[in-house]
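Visitor: Here it is: the structure, laid out below.
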Amino acid sequence: MSGRIIAGGIELTRDALVARGEQVAAGLAAMGVREGDVIAVLLRNGMPYLEIIQACKRLGCYYCPINWHYTAEEVAFLVTDSGAKLVIAEDDLWRQVGTALPKGLPALRVMGGGNTVAGNLASAANASDPNDIEANNYETWRNAQPRYDGPLVAPRGHMAYTSGTTGRPKGVVRQPFPVARLPEHLAAVEAVVEQAYGLRPGCRALLPAPVYHSAPSVFAQVALRVCDTLVLTARFDPIEVLRLIERHRIDTIYLVPIMYVRLLKLDARTRASFDLSSLRFVASTGAPCAPELKQAMIDWLGPVVHETYASSEAGMVTVIDSHEALAKPGSAGRPIGPAQVRVYREDGSLCAPGEVGRIYVRQPAYADFTYRNHPEARQAIERDGLIGLGDLGYVDEDGYLFVCDRESDLVISGGVNIYPAEIEHHLTQYPGVADCAVFGVPDAEFGERLLGLIQPAPDATVNVEDALQWLAGRVARYKIPRDLQLRAALPRDDNGKIAKRRLRAEFWAGQARKV
C-alpha cells in the first residue's frame, strides 16, 4: 500500500501507520474496549491522533474528539455523557482535567505530542492516581502490543458533540452499516467527500485544522484511505501552510473562512513568493463565507475554492464551486449526489422558490444517527425523513440553497460553534445580573464574535470586567464574549422572552450576509 503520512515532525508510510493502528487496536481490545464502545480523545493534532483513528476503525469503536480548549468541567461532561471506556490525552492536558474525570477511568498519556519516547510516567507525583493504568505512556504501551487479529467489523467514526438547536451538547452516534455492505457504503461516502472536499485516490492533501472538529475529523478519516500524501499540521500558521503547499505539491487543502482572512493579511509579495500552482481544490465548511472574502481568495488562487453546507448530523449536503459562487454570491450551492434539500413554511407546506422557510436536509450516503442519551431530541428535528437544524433560508429557481438566518442562537466564530445559552446560564448566576443576552455580531476576521448584554437587577451594580473574569473560570476562553455591555433594559417579545432578533438587527444591518 503506497502513500505517506506526515504529522508532528514524523513521516510514515501508510503501511507503517496501518501497522501502528493495528497495535493500538490490539491494546484497546486487551483493555476491554469492544465493538460499539467509545474512547475519549483529548489530543492536539499529531501522529497519535491518526493512529487512534485507524485503530478505532479496525476495532469498530467510536472515538469522541474533545476540544482541548475546554475547561475540566466541560471535558468531564463529554467523557461521562459519551460513556467513554478510556481516555487518551496529552500529558499536559491530562494534568489540567484528570482530577475532574470519573475515578477509575483508565487513561493513556501522550508525551510531547507523541513525537518522542519519554519513558514511563509512573512517579511519586502520579503513581497513586487511580485513573492511570500501570503503563500509562501511550507510545510505550503501543509499542508493546501485537498486531490486532480480530474479525472484520463495521468501522465507526467519531462521536461528535453538537448542541444542534439547543445549548446542551449532545453526541451524534451514527449507526454502522452491515459488514456485507461496506464496499458499497464506503464508495458512496467517498463520492460525496470527493465532491465536497476534493479528496480522491492519489491526491496530496493538507489539513491545518484541529481534528477535534467534526469536518476536519471526516477529512482525516477519508484522507487516510485515499490520499497519496496527507500532511497534518499541529496548528494553523499562514506562512507554514504556503510553505507546505509548495514543498509537497499539495493539490487539496481544507480551510475555514478565518484562515482565508489570515492568509489574505499576508502582504502580496509574501504570498507571491510561494508556488501554489499545484492547488486544485480548496475545501471550506464550518462557517458561512462572506462573498467578498471568497472573491478575494478566488482572485488570488483561481477558481479552486469550494464551499460546503454540512453538519455533524446530516453530513455534507450541498457544495458550490468558484464559478457558481461568482454567479450566485452568498449561495451554499446545490445538493451533492442524492442529497435532498427542502424548505418548509410554518404550516408544514413546501416553500416556493425564493421563499424563506425552515431548511430540512438528508444525505443518503450517510447512515442514520441518534443523539447519545437523547433519542427524543433526534425525533424532534425530523420531518418527512429529513432533518432540520434550525437554519432558515430558501432555494432559488435554479436549485441553489441560500442560508439566511438561524432559528437557534448558534454563533459560528472562526469556524467554531458557540451556543449562547450555555454562556447565558452562567452569566445569570453572577451577582447583580437580572438577565442577559449573548449573540453573534459581525467580525471581519472571525466572521462573528460574541457580544454580551447584561441587564442589572434593580439597585445592583455590575462590573463587567469582574464578570468576565468570573466567567473565565467556568467556560472555555473562546466562549467568553469579546465585549460585555450593560443595558438598563433588554427588549422583549410579547411572550416575555428577550427579543434577540431585534438586538442582532442593530449590528447586522447593512451586512451582505446575515449569519
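The values are calculated or read from the model by the stated rules, or taken from the named source; none is laboratory data. No experiment lies behind these values; they were computed from the predicted model shown. Every residue, glycine among them, receives a Cβ derived from its backbone with ideal geometry; neighbour counts consider all protein chains shown.
Visitor: Scan region 1-25 residue by residue and report those that are assigned to a strand (DSSP E or B) and of a type outside the set (A, V, I, L, M).
Guide: Taking region 1-25 and keeping what is assigned to a strand (DSSP E or B), we get 4-7, 10-13.
Listed by number, the residues that qualify are Arg4, Glu11, Thr13.
Visitor: Just to be sure I understand, how many residues within region 417-431 are surrounded by 20 or more Cβ atoms within 10 Å (Cβ to Cβ), within 24 Å of the chain's Cα centre (by Cα) and either of a type in the set (A, V, I, L, M, F, W, C) or farther than 28 Å from Gly452 by Cα (or both)?
Guide: Matching residues across region 417-431 total 2.
Visitor: Right, another one. Please state which of the following conditions Val411 fails to meet, knowing it meets all the rest: (1) touching a residue at least 40 places away in the same chain (Cβ under 8 Å); (2) within 30 Å of Glu324 (Cβ to Cβ); (3) in contact with a helix residue (DSSP H, G or I) (Cβ under 9 Å, 6 or more places away or on another chain).
Guide: (1) is the only condition that Val411 fails.
Visitor: May I pose another question? Condition first: closer than 14 Å to Ala488 by Cβ and touching a helix residue (DSSP H, G or I) at 6+ places or on another chain (Cβ under 9 Å). Now tell me which residues in region 429-473 satisfy that.
Guide: Listed by number, the residues that qualify are Gly432, Val433, Asp435, Cys436, Ala437, Leu453, Ile454.
Visitor: Looking only at region 224-240, how many residues end up being farther than 13 Å from Ala7 by Cα and assigned to a helix (DSSP H, G or I)?
Guide: The number of residues fulfilling the criteria is 5.
Visitor: Within region 335-349, how many residues turn out to be of a type outside the set (Val, Ile, Thr) and in contact with a strand residue (DSSP E or B) (Cβ under 6 Å, 6 or more places away or on another chain)?
Guide: Let us first name the residues in region 335-349 that are of a type outside the set (Val, Ile, Thr), namely 335, 337-340, 342, 344-349.
Filter once more, keeping what is in contact with a strand residue (DSSP E or B) (Cβ under 6 Å, 6 or more places away or on another chain): 335, 339-340, 342, 344-345.
The qualifying residues number 6.
Visitor: Also, quick follow-up: Would it be correct to say that Thr140 is surrounded by fewer than 21 Cβ atoms within 10 Å (Cβ to Cβ), within 30 Å of Ala421 (Cβ to Cβ) and among the β-branched types (Val, Ile, Thr)? Steps first, answer last, please.
Guide: Details: surrounded by fewer than 21 Cβ atoms within 10 Å (Cβ to Cβ): yes; within 30 Å of Ala421 (Cβ to Cβ): no; among the β-branched types (Val, Ile, Thr): yes.
For Thr140, the condition - surrounded by fewer than 21 Cβ atoms within 10 Å (Cβ to Cβ), within 30 Å of Ala421 (Cβ to Cβ) and among the β-branched types (Val, Ile, Thr) - is not met.
Visitor: Quick one: which strands (runs of 3 or more DSSP E) sit completely within region 323-388 and have at least 3 residues that are free of Cβ contacts under 8 Å to residues at least 24 places away in the same chain? Steps first, please.
Guide: Working: elements: 340-344, 357-362, 369-371.
Here the list is empty.
Visitor: How many of the residues in region 292-316 are farther than 13 Å from Phe402 by Cβ and under 16 Å from the mean Cα position of the chain (by Cα)?
Guide: The total comes to 8.
Visitor: Pick out the one residue from Leu450, Leu410, Leu392, Leu468 that is closer than 27 Å to Ala215 by Cβ and at pLDDT 90 or above. Even if it seems obvious, please write down each step before you answer.
Guide: Numbers: Leu410 fails: at pLDDT 90 or above; Leu392 fails: at pLDDT 90 or above; Leu468 fails: closer than 27 Å to Ala215 by Cβ.
That would be Leu450, the only listed residue that is closer than 27 Å to Ala215 by Cβ and at pLDDT 90 or above.
Visitor: Restricting attention to region 73-85, does a residue exist that is more than 19 Å from the chain's Cα centre (by Cα) and modelled with pLDDT under 95?
Guide: The answer is yes, given that some residue of region 73-85 is more than 19 Å from the chain's Cα centre (by Cα) and modelled with pLDDT under 95.
Visitor: Just for region 297-322: of the residues that are touching a residue at least 12 places away in the same chain (Cβ under 8 Å) and acidic (Asp, Glu), which one is nearest to Leu263 (Cα to Cα)?
Guide: Step one: filter region 297-322 for residues touching a residue at least 12 places away in the same chain (Cβ under 8 Å), giving 297-298, 300-322.
Narrowing the set further to residues that are acidic (Asp, Glu) leaves 307, 313, 321.
On the way: Glu307: 17, Glu313: 30, Asp321: 20 Å.
Step by step, filter region 297-322, then rank; the result is Glu307.
Visitor: Ok, one more. Looking at Glu422, Glu445, can you tell me which residue is closer than 24 Å to Ala287 by Cβ and part of a loop (DSSP other than H, G, I, E, B)? It would help to see each step written out before you state the result.
Guide: On the way: Glu422 fails: part of a loop (DSSP other than H, G, I, E, B).
The conditions single out Glu445.
Visitor: Select, from Leu199, Leu206, the only residue that is outside any helix (DSSP H, G or I), in contact with a Cys (Cβ under 7 Å, 6 or more places away or on another chain) and either over 22 Å from Asp251 (Cβ atoms) or modelled with pLDDT of 95 or more (or both).
Guide: Working: Leu206 fails: in contact with a Cys (Cβ under 7 Å, 6 or more places away or on another chain).
Every option except Leu199 fails the conditions.
Visitor: Filter region 432-475 down to residues that are buried (at least 18 other Cβ atoms within 10 Å of the Cβ) and of a type in the set (Gly, Ala, Ser) and give me whichever is nearest to Cys289 (Cα to Cα).
Guide: Gly447
Visitor: Can you name the strands (runs of 3 or more DSSP E) wholly within region 26-113 that have at least 2 residues being touching a Gly at 6+ places or on another chain (Cβ under 9 Å)? Don't jump to the end; show me each part of the working.
Guide: On the way: elements: 38-42, 62-65, 87-90, 107-110.
Qualifying strands (runs of 3 or more DSSP E): 62-65, 87-90, 107-110.
Visitor: If I ask for residues that are at pLDDT 95 or above, among the aliphatic types (A, V, I, L, M) and part of a loop (DSSP other than H, G, I, E, B), which ones from region 248-265 would you list?
Guide: Ile250
Visitor: Residue pairs, Cβ under 7 Å, 6 or more apart or interchain, first in region 181-205 and at positive phi and touching a residue at least 24 places away in the same chain (Cβ under 8 Å), second in a loop (DSSP other than H, G, I, E, B) and surrounded by fewer than 19 Cβ atoms within 10 Å (Cβ to Cβ). List them.
Guide: Final answer for the pair search is Gly198/Arg280; Gly202/Asp228.
Visitor: A further question on this structure: Is there a residue being more than 30 Å from Leu255 (Cβ to Cβ) and assigned to a strand (DSSP E or B) anywhere in region 461-480?
Guide: Looking only at region 461-480, we keep the residues that are more than 30 Å from Leu255 (Cβ to Cβ), and these are 461-471, 473-474.
Next, from what is left, pick out any that are assigned to a strand (DSSP E or B): none.
Checked against the condition, which is being more than 30 Å from Leu255 (Cβ to Cβ) and assigned to a strand (DSSP E or B), region 461-480 yields no hits at all.
A quick yes/no check of all residues on (1) surrounded by 14 or more Cβ atoms within 10 Å (Cβ to Cβ); (2) closer than 26 Å to Lys294 by Cβ:
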{"site": "Val343", "(1), (2)": "yes, yes"}
{"site": "Arg358", "(1), (2)": "yes, yes"}
{"site": "Phe369", "(1), (2)": "yes, no"}
{"site": "Glu376", "(1), (2)": "no, no"}
{"site": "Asp384", "(1), (2)": "no, no"}
{"site": "Ile387", "(1), (2)": "yes, no"}
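Visitor: Shifting gears a bit: What's the number of the only condition in (1) surrounded by fewer than 11 Cβ atoms within 10 Å (Cβ to Cβ); (2) over 31 Å from the mean Cα position of the chain (by Cα) that Gln485 fails to meet?
Guide: (2)
Visitor: Quick one: is Ser322 small (Gly, Ala, Ser), out of contact with any Asp or Glu (no Cβ under 6 Å at 6 or more places or on another chain) and surrounded by 15 or more Cβ atoms within 10 Å (Cβ to Cβ)? Quick ask: steps written out before the conclusion?
Guide: Working: small (Gly, Ala, Ser): yes; out of contact with any Asp or Glu (no Cβ under 6 Å at 6 or more places or on another chain): yes; surrounded by 15 or more Cβ atoms within 10 Å (Cβ to Cβ): yes.
For Ser322, the condition - small (Gly, Ala, Ser), out of contact with any Asp or Glu (no Cβ under 6 Å at 6 or more places or on another chain) and surrounded by 15 or more Cβ atoms within 10 Å (Cβ to Cβ) - is met.
Visitor: Also, I was wondering about something else. Tell me, please, whether a residue that is surrounded by fewer than 20 Cβ atoms within 10 Å (Cβ to Cβ), assigned by TED's automatic domain parsing to the domain that holds Ala188, of a type in the set (D, E, K, R) and in a helix (DSSP H, G or I) can be found in region 284-302.
Guide: Within region 284-302 (the criterion being surrounded by fewer than 20 Cβ atoms within 10 Å (Cβ to Cβ), assigned by TED's automatic domain parsing to the domain that holds Ala188, of a type in the set (D, E, K, R) and in a helix (DSSP H, G or I)), the answer is yes, since at least one residue qualifies.
Visitor: When the residues of region 225-240 are narrowed to those that are surrounded by fewer than 23 Cβ atoms within 10 Å (Cβ to Cβ) and in contact with a helix residue (DSSP H, G or I) (Cβ under 8 Å, 6 or more places away or on another chain), which ends up farthest from Lys294 (Cα to Cα)?
Guide: Selected residue: Arg225.
Visitor: Only residues that are touching a strand residue (DSSP E or B) at 6+ places or on another chain (Cβ under 8 Å) and more than 15 Å from Leu468 (Cβ to Cβ): list them for region 429-446, please.
Guide: Scanning region 429-446 gives Ala434, Asp435, Ala437, Phe439, Gly440, Val441, Pro442, Asp443, Phe446.
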